[in-house]
Amino acid sequence: MAETYRWASQVLSIDSGGELVLMDLVSGEYFGLRGAIHHLSAMLESGASRDDLTNALCAHYDVSPEAARADLDGILARLSAAGLIEQTG
């Protein structure tokens, strides 16, 4: 079974135009995110595999799977360190 990534249960996400605003309801911290993660937000609402997220980046930004995966891994690591996403599987 593939690992699935989704917003953590304590995270509220709001699309405010060109920026994704996240609030951690436990810590009260706010985060403003732009770029690739803004494009992937809807997928993270319902949960998505690393491959699905990579494919979405490739389609949206016209980059190679290797480049998309490298960027995605960095994004997921930062979001995980901040407690904003959950990983299952």
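No value in this document is a laboratory result; all are computed from the given coordinates. The structure presented is a predicted model; accordingly, all values stated were derived computationally and were not measured. All Cβ positions, glycine included, derive from the backbone under ideal geometry; neighbour counts span all protein chains shown.
Once Rh for the chain is found with the Kirkwood sum over Cα pairs, what is the Stokes-Einstein diffusion coefficient at 10 °C and 1.306 mPa s, in µm²/s?
Numbers: Rh = 13.2 Å.
The Stokes-Einstein estimate is 121 µm²/s.
Under a model in which nothing but the beta-carbon of Lys, Arg (+1) and Asp, Glu (-1) is charged, the stretch 4-82 shows a dipole of about 100 debye around its Cα centre. Between helix 65-81 and the chain there is an angle of about 20 degrees, using the helix long axis and the longest principal axis of the Cα atoms.
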